[in-house]
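Below is one structure, written out as structure tokens; comments come after it.
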Amino acid sequence: MDSESISIIIPAKNEAKSLARLCPKLKALYPKAEIIIVNDGSTDSTQEVAEAYGVRVIHHPYSMGNGAAIKAGARAAENPILLFMDGDGQHRP
């Protein structure tokens with residue numbers, strides 16, 4: 001499987017600390033994959049951390065829930081293979 005055809009979608013609410021560890025790992029393992037963080041109304045620096053790693057960020061101005069975040073990421077994805085992960089670090093990249 002070529003990482004160029006993968007979109008990795010990560011719903012995140014107040015996950016700045018986890019994303020600071022997760023984003024560089026994903027970028028190293030899957031350098032050609034599209035990485036989408038759906039910032040679901042975070043009140044911490046989730047948005048800024050994601051942007052600092054150069055991943056695509058979709059911003060919800062208020063929390064719409066995990067289902068809405070997953071749907072927003074899927075709609076925005078540009079690749080045929082969608083991979084979903086949680087932003088809290090529970091999934092190993």
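The values are calculated or read from the model by the stated rules, or taken from the named source; none is laboratory data. Just so you know, these numbers come straight off a predicted model, no measurement behind them. Here the Cβ positions follow ideal geometry from the backbone for every residue, glycine too, while neighbour counts run over all protein chains shown. Ligands, DNA and RNA are excluded from the accessible area calculation, which covers all protein heavy atoms including side chains. Shrake-Rupley method; radii C 1.70, N 1.55, O 1.52, S 1.80 Å.
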task: Report the local net charge at ALA69: Lys and Arg +1, Asp and Glu -1, summed over other residues whose C-beta lies under 12 Å from its C-beta.
output: 0
- prompt: What's the long-distance tail for the range 1-51, i.e. % of Cα pairs beyond 18 Å?
  reply: 29
query: What does the convex hull of the Cα atoms come to per residue for the chain, in Å³?
result: 80
Candidate residues ARG92, ARG21, ARG75, ARG56: accessible-area rank, largest first, probe 1.4 Å: ARG92, ARG75, ARG21, ARG56
query: Placing +1 at every Lys and Arg Cβ and -1 at every Asp and Glu Cβ, with all other atoms neutral, what dipole size does the chain have around its Cα centre, in debye to the nearest 20?
result: 140
The chain: most fluctuating residue of ALA77, ALA52, ALA69 per GNM, C-alpha cutoff 10 Å: ALA52
- request: For every other residue with a beta carbon closer than 13 angstrom to the beta carbon of ASN14, add +1 if it is Lys or Arg and -1 if Asp or Glu, then tell me the sum.
  value: -4
Mean residue ellipticity (222 nm) of the chain, computed from DSSP H runs ≥ 4 via -39,500 (n - 2.57), nearest 500: -10500 deg cm²/dmol
- request: Please give the length that would be gained between ALA68 and ARG92 if that part of the chain were fully extended, namely 0.36 nm times their separation in residues minus their C-alpha to C-alpha distance (nm, one decimal).
  value: 6.3 nm
